[in-house]
Amino acid sequence: MRIFFDVDNTLLYSSGSTWNLRPGAQEVMAVLKEHGHDLYIWSATGLLHCQRLVRRYNLEPFVTACFDKDPACGLTPDIIVDDDWYLVEKYSGVCVAAYRRPDPEDRELFRILEVLEAWNELKSRS
Ligand SMILES: [Mg+2]
């Protein structure tokens, strides 16, 4: 599946020049990649913002490409991970609570693994 991750308040909390990657980002991406999914990062803040995030946190091994958040980016997501419920309704996926302060206890991103597991289970039963 093509899984698209949002940046601001999904993978990242930023305040000025201080950036905080959400806990589990690398770990969850590694698991998804290992399961054969293609991972993309997109942001309404723009392509450069996504590329900076990827470089800063060494996400290159997991991320296939970055995009400006635009329906015309040329690829249709199978699912998205986003803090914006409106977009999750539109594309389907996992709506995570907005990451608005550094919180080492945050486990929101791990929910995507649970959701995919539940979907696989449903598929194998039908
Ligand atoms: Mg966001």
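The values are calculated or read from the model by the stated rules, or taken from the named source; none is laboratory data. Being a predicted model, the structure only gives us computed values, none of them experimental. No Cβ is skipped: glycine too gets one built from the backbone with ideal geometry, and neighbour counts run over all protein chains shown.
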Complete set of residues in segment 8-26 that are crowded, with 16+ Cβ neighbours inside 10 Å, within 15 Å of the ligand (Cβ to nearest atom) and not polar (S, T, N, Q): Asp8, Leu11, Leu12, Tyr13, Leu21, Arg22, Ala25
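Kindly indicate which of Met29, Met1 is crowded, with 16+ Cβ neighbours inside 10 Å, away from the ligand (no atom under 14 Å from the Cβ) and not small (Gly, Ala, Ser).
Every option except Met29 fails the conditions.
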Failed condition for Glu60, given (1) more than 16 Å from the ligand (Cβ to nearest atom); (2) over 11 Å from the mean Cα position of the chain (by Cα); (3) touching a residue at least 60 places away in the same chain (Cβ under 8 Å), with all others met? (3)
All but one of (1) among the hydrophobic types (A, V, I, L, M, F, W, C); (2) farther than 24 Å from Glu34 by Cβ; (3) at pLDDT below 95 hold for Trp85; state the number of the condition that does not hold. (3)
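Quickly run through segment 104-120 and pick out the residues that are within 16 Å of the ligand (Cβ to nearest atom) and either over 17 Å from Lys33 (Cα atoms) or in contact with a His (Cβ under 8 Å, 6 or more places away or on another chain) (or both).
Just the residues of segment 104-120 that are within 16 Å of the ligand (Cβ to nearest atom), to begin with: 106, 108-109, 111-112.
Asp106, Glu108, listed by residue number.
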Return a yes/no flag: does segment 39-52 have any residue that is of a type in the set (S, T, N, Q), within 14 Å of Asp6 (Cβ to Cβ), within 16 Å of the ligand (Cβ to nearest atom) and out of contact with any helix residue (DSSP H, G or I) (no Cβ under 6 Å at 6 or more places or on another chain). yes
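Sort out which residues of segment 94-122 are over 18 Å from Glu27 (Cα atoms) and modelled with pLDDT under 95, and write them in order of number. Can you show your working first?
In the first step, residues of segment 94-122 are kept if they are over 18 Å from Glu27 (Cα atoms); the result is 95, 97-98, 100-101, 118-122.
Correct list: Ala118, Trp119, Asn120, Glu121, Leu122.
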